[in-house]
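The values are calculated or read from the model by the stated rules, or taken from the named source; none is laboratory data. Given the structure is predicted, the values throughout are model-derived calculations rather than measurements. Every residue, glycine as well, gets a Cβ built from its backbone with ideal geometry; the counts of neighbours run over all protein chains shown. The accessibility values were calculated without ligands, DNA or RNA, using every heavy atom of the protein model including side chains. Shrake-Rupley method; radii C 1.70, N 1.55, O 1.52, S 1.80 Å.
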Amino acid sequence: MSAGADGRSVPLGLPHPPPRPLAERRVSRRIHVGPVAVGGDAPVSVQSMTTTRTSDVGATLQQIAELTAAGCQIVRVACPTQDDADALAVIAQKSRIPVIADIHFQPKYVFAAIDAGCAAVRVNPGNIKQFDDKVKEIAKAASAAGIPIRIGVNAGSLDRRLLEKHGRATPEALVESALWEASLFEEHGFGDLKISVKHNDPVVMVNAYRGLAAACDYPLHLGVTEAGPAFQGTVKSAVAFGALLGEGIGDTIRVSLSAPPVEEIKVGIQILESLGLRQRRLEIVSCPSCGRAQVDVYKLADQVTAGLEGMEVPLRVAVMGCVVNGPGEAREADLGVASGNGKGQIFVKGQVVKTVPESRIVETLIEEAQKIAAAMEDAGVASGPPAVSVG
């Protein structure tokens, strides 16, 4: 028991333990992207990519700050020009999270990114001219700097030779490309690698990662490339990531949406929380509504979600619209309401604490949530985003 802000005793109980993973994590080697551990038994990390011109240092750092506040752990920036390469040193120094330079076409920018102090470099072998001839130099420079390389194979830029061999970007073609490039680095004694094999079709993507996971122990970065607008991209990413992470495959993720990058982080975190791969924070349990509902559940759920946005403690709030499942769901949650007949019963840790008119349900839930959160924090219950594994 702990006293809330109004002096009332609040039975804290324990935070809901995360459900057991659907499968044991695939065993992979561990690398470090700056202070963030990737692979091994490190938590699955969430990444995004800036949409600003990297040469606009102020705008890029502002977007990185927004991503960091949203829970992003690693950020990637594009480097297609010399002006972008010149900006990397300042960005890498001032960013609060590790910066990965994204390199296409020009291998010289790989070396510029390493010299600038980026935490890692992503290369796309399919569209870098004479890339295979540069592997020895890249491996030597990356090894000296102590930074990893991500080999990023994309269906849309697959090496022409593999397209001719396989006819299209099949899972087998993607895997063959990635393993071939990794073998070139290994020939030069460099194994600090992370691999991605992205495709816009979740089925092809899932099969490619399954094949890759079975063939190597490199940490894997998951992504459905060009997943689409927010709704479609969220569904495609959730389906693909759910399948792979549910099998223990995947060490870091990026949800690729045609939407502001912060939305990618929100979706990515929600996917990991839903799979029990990181501690849940605020979770709204609400019914889909039906003919039994006697309140506007959609409106209630939206208003409660908006009112509790930013709450970091592991709090489950049930917003229910009728007396069939409402009381049971509300009792199972940390905080809940079972609504009907123009009023709502407010539950805190399974106990009815008050009954309020429908017009006061939202404000009452928000008040109670704040009391519970304060009591949890006073009791030392962990809050904030999940800890990042630091090596």
In Å², nearest 10: area of V46 left accessible to a 1.4 Å probe: 0 Å²
Share of carbon and sulfur in the accessible heavy-atom surface of the range 233-286 [1.4 Å probe, %]: 56 percent
V235 paired with A89, simple spin-label distance in nm, labels 7 Å along Cα-to-beta-carbon: 4.9 nm
Residues K349 and T51, FRET efficiency given R0 of 56 Å [Cβ-Cβ distance, rounded to 0.05]: 0.85
Relative packing of peptides 135-142, 168-175 - highest average C-beta neighbours within 10 Å first: 168-175, 135-142
Zone of E186's modelled label, taken as backbone nitrogen in the range 24-56 under 13 Å from a point 7 Å along Cα→Cβ: 29
Positive minus negative residues near L174 (Lys, Arg vs Asp, Glu; Cβ under 13 Å): -1
Percent accessible area from carbon and sulfur atoms, the range 334-377, protein chains only, probe 1.4 Å: 42 percent
Where the chain is the region considered: accessible area per residue in Å², 1.4 Å probe: 44 Å²
In Hz, Karplus ³J(HN,Hα) per residue of the range 233-242 (6.51, -1.76, 1.60; θ = phi - 60°; x = Gly, Pro): x, 5, 5, 4, 5, 4, 5, 5, 5, x
Distant-in-sequence amide H partners of K343 (H built 1.01 Å from N, under 5 Å): E358
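For the range 250-304, state which trypsin sites (Lys or Arg not before Pro) are in a DSSP loop and have at most 14 other beta carbons lying within 10 Å of their beta carbon. Walk me through the numbers before you get to the answer.
Details: sites: R254, K266, R278, R280, R281, R292, K299; in loops: R278, R280, R281, R292.
Passing sites in the range 250-304 are R292.
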The range 110-224 - percent of accessible surface contributed by carbon and sulfur, probe 1.4 Å: 48 percent
J(HN,Hα) series, the range 337-352, from Karplus relation 6.51 cos²θ - 1.76 cosθ + 1.60, nearest Hz, glycine and proline x: 9, 10, 9, x, 6, x, 8, x, 8, 9, 9, 10, 6, x, 10, 6
Top of G39, G380, G58 by mean-square fluctuation, Gaussian network on the chain, Cα under 10 Å: G380
Spacing of the two label points (7 Å from each Cα toward its C-beta) at R29 and A144, in nm: 2.1 nm
Sequence of T225, T81 from largest to smallest accessible area, 1.4 Å probe: T81, T225
Mean residue ellipticity (222 nm) of the chain, computed from DSSP H runs ≥ 4 via -39,500 (n - 2.57), nearest 500: -12500 deg cm²/dmol
Inter-label distance, nm, simple model (7 Å from Cα along the C-beta direction), D201/E172: 1.4 nm
Cβ-derived FRET efficiency at R0 25 Å, E367 paired with V262, nearest 0.05: 0.35
